[in-house]
1. Just one of the numbered conditions (1) touching a residue at least 60 places away in the same chain (Cβ under 8 Å); (2) more than 30 Å from residue 23 (Cα to Cα); (3) not hydrophobic (A, V, I, L, M, F, W, C) is not true of residue 129; which one?
2. Can you list residue pairs whose Cβ atoms sit under 7 Å apart, with the first residue in the range 50-67 being assigned to a helix (DSSP H, G or I) and the second being among the acidic types (Asp, Glu) and at pLDDT below 90? Count only pairs 6 or more apart in sequence or on different chains.
3. Before we move on, is residue 137 under 30 Å from residue 175 (Cα atoms) and surrounded by 14 or more Cβ atoms within 10 Å (Cβ to Cβ)?
4. Filter the range 61-86 down to the residues that are under 17 Å from residue 105 (Cα atoms) and more than 29 Å from the chain's Cα centre (by Cα) and list them by number.
5. Scan the range 201-217 and report the pairs whose first residue is under 13 Å from residue 105 (Cα atoms) and whose second residue is among the small types (Gly, Ala, Ser), with Cβ atoms within less than 9 Å and a gap of 6+ or a chain change.
6. Out of 70, 46, 18, which single residue is surrounded by 13 or more Cβ atoms within 10 Å (Cβ to Cβ) and under 22 Å from residue 200 (Cα atoms)?
7. Could you list, in sequence order, all residues of the range 87-132 that are out of contact with any Leu (no Cβ under 9 Å at 6 or more places or on another chain), under 30 Å from residue 25 (Cα atoms) and assigned to a helix (DSSP H, G or I)?
8. Does residue 89 meet the test of being more than 26 Å from the chain's Cα centre (by Cα), at pLDDT 90 or above and either buried (at least 19 other Cβ atoms within 10 Å of the Cβ) or more than 22 Å from residue 54 (Cβ to Cβ) (or both)?
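The values are calculated or read from the model by the stated rules, or taken from the named source; none is laboratory data. Just so we're clear, the structure is a prediction, and the values are computed from it rather than from any experiment. Note that we place each Cβ from the backbone using ideal geometry, even for glycine, and neighbour counts take in every protein chain shown.
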Amino acid sequence: MEQQLSILTLIMNASIVVQLVIGILILFSIISWGIIFAKWTTLAKVKLDTNSFLRQFRSSNNISNLYTNVSSKSTKNSVIALFFNSITEYNKLNKQGVKDQYQIMQNIERSLNATLDNEIDKYQSRLSTLATFGSVSPYIGLLGTVWGIMHSFIGLGTAGQATLSSVAPGIAEALVATAVGLLVAIPAYMFYNKFSADVQSLENKMNRFGDEFLNLLNRKLSAQDLNGDE
């Protein structure tokens, strides 16, 4: 408790510039942790839904039933969105009377690519903010430290006598800014790396599913079985 009070006292006694820097860093920290908790929850659910759907898809013998089950879901993420949008695109082509296999495959492949891009953009959103905070926070903290030390030495020059007791508080106040900057940067950059790896893993799974689904669709079209399944 004493250490917390002393740190708080150092911040309260720091110069306006150092206090401003610390305030900015605290704001960065609040935003960072908000993004971290939101992304952790979202990506955890998406990974769970992805693995669950892949098991269903690979064990299902009826695309129509699987499509019906997926249609009832309010949120369609990852491979579920790829599957749903692709079958929806096929149904539209079928209603329009399109029978050319090449045209069908091209349209569905474009649908897969567009959906994949949208999903990746969604999962990557705000990760750049974490990367920015992780990169710039130490430098912002260092700016506060340099300014605080300069302010302390200017004050000593005016006082005319330099002693450890007169120098230490000012330097300690300044160093708090660097410490706060590191406390913001470390978790921001750690979770940025984790979430980036999670998104890359999801992208790989979606790409593999897209190839798998196109192969399945191509086989069914070639055998003229897709109309019966759908």
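1. The single condition residue 129 does not satisfy is (2).
2. That search, which allows pairs on different chains as well, returns 63/229; 63/230; 64/229; 64/230.
3. yes
4. 63
5. 210/86; 213/86; 214/86; 217/86
6. Values: 70 fails: under 22 Å from residue 200 (Cα atoms); 18 fails: under 22 Å from residue 200 (Cα atoms).
Within the list 70, 46, 18, the selection yields 46.
7. Selection gives 121, 122, 124, 127, 128, 129, 130, 131, 132.
8. Numbers: more than 26 Å from the chain's Cα centre (by Cα): yes; at pLDDT 90 or above: yes; either buried (at least 19 other Cβ atoms within 10 Å of the Cβ) or more than 22 Å from residue 54 (Cβ to Cβ) (or both): yes.
Criteria met by residue 89.
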